[in-house]
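Taken together, the values in this text are just the output of simple stated rules run on the coordinates, not laboratory data. Owing to the predicted nature of the structure, the values given are computational and were not obtained by experimental measurement. Virtual Cβ from ideal backbone geometry, glycine too; neighbours counted across all protein chains shown.
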Amino acid sequence: MLILLPPSETKSDSGTGGALDLAALALPDLTPAREAVVDALVGLADDPDAPRVLGLGSTQSADAVRNAEIRTSPTAPALERYTGVLYDAFAAPSLTRAGRARAADRLWIGSALFGAVRATDPVPWYRLSGGTTLPGLGTLRSHWKPHLGDALAGAAQGVVVDLRSGVYQDLGPVPGAVTATVVTEKPDGSRSVVSHFNKHHKGLLARALTTTRAEPTDVRGLARVARAAGLRVEVTSPTLLTVVT
């Protein structure tokens, strides 16, 4: 099973690992594509127009400058680097030893900078979102799409659970992957798509699928694991799980 999480705009400042080594990341066939994005982002760092290109507000302009340190700043495992609602719900620090081993084996995180990385891959702090158009490179969608989906499909040894947001799915779609949607059910039985708590419930689902000893091979097996973890889920189609809150 391969579980794909979205990245987050917020990232931890921690890191005790050495400088970025692109060749050491999973999916080494992506190294040239990663080099191109890193070069473009680092080159943009001292451009006065960088905050606008990166979609940053006036209080975030220092983040654009900080991107200049991507190649030299300390790294941390990807699962420790990304923060926010989904990662709070996933609660990586509370994983058992067995849970950490399964995360290392099953869990991947989408990335505008690296395409996708394993949970254990050492990555630096950076600021870049999937919808960005980088000078000299173009849109990240056009840059990653010819490479990323095939690379992820090749890495999968079973069912793929793609919990990335739409913009990151567009960087590298994985044919046949199971996705998830989160809905809230009102007292009258009507339902609406959840926005605010979407990431929270996807974090809970990701943890359930990551830590289970089961090896589900299809959407029904995934649903059984989620239900055993206390989640209310429905099989909507062979490639869609619906989480009901």
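What the table below lists for this structure:
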item	result
Proximal lysines relative to K145, as straight alpha-carbon distance under 23 Å, when same-chain residues fewer than 8 apart are discounted	none
The chain, helix-only ellipticity at 222 nm - DSSP H runs n ≥ 4, -39,500 (n - 2.57), divided by all residues, nearest 500	-9000 deg cm²/dmol
Extension gain, S190 back to T217 (0.36 nm per residue minus Cα-Cα distance, nm)	6.6 nm
Cα-projected label distance for D29 with S58, points at 7 Å along beta-carbon direction, nm	4.8 nm
Residue-span extension gain [T139 to T72] - 0.36 nm each, minus C-alpha spacing	21.6 nm
For segment 137-196: span of alpha carbons on each principal axis (Å, largest first)	48, 32, 14
Using θ = phi - 60° and Karplus 6.51 cos²θ - 1.76 cosθ + 1.60, couplings along segment 164-169 (whole Hz; Gly, Pro as x)	5, 6, x, 5, 7, 4
Hits among lysines - C-alpha to C-alpha of K186 under 27 Å, sequence gap 8 or more where chains match	K199, K202
Rg followed by Dmax, in Å, when segment 84-170 is reduced to its Cα trace	14.3, 45
Sequence ranges 175-182, 57-64, ranked by mean other-Cβ count within 10 angstrom, highest first	175-182, 57-64
Added length on full extension, which subtracts the Cα-Cα distance from 0.36 nm per residue, T120 to V235	38.4 nm
Cα-based equivalent ellipsoid of the chain: semi-axis lengths in Å, sorted from largest, via gyration tensor	31, 20, 17
Rounded D (µm²/s) - segment 157-245, Kirkwood Rh over Cα pairs, Stokes-Einstein at 10 °C, 1.306 mPa s	118 µm²/s
Rounded to whole Hz, the Karplus (6.51, -1.76, 1.60) HN-Hα couplings of segment 212-218, x for glycine and proline	5, 7, 5, 10, x, 10, 8
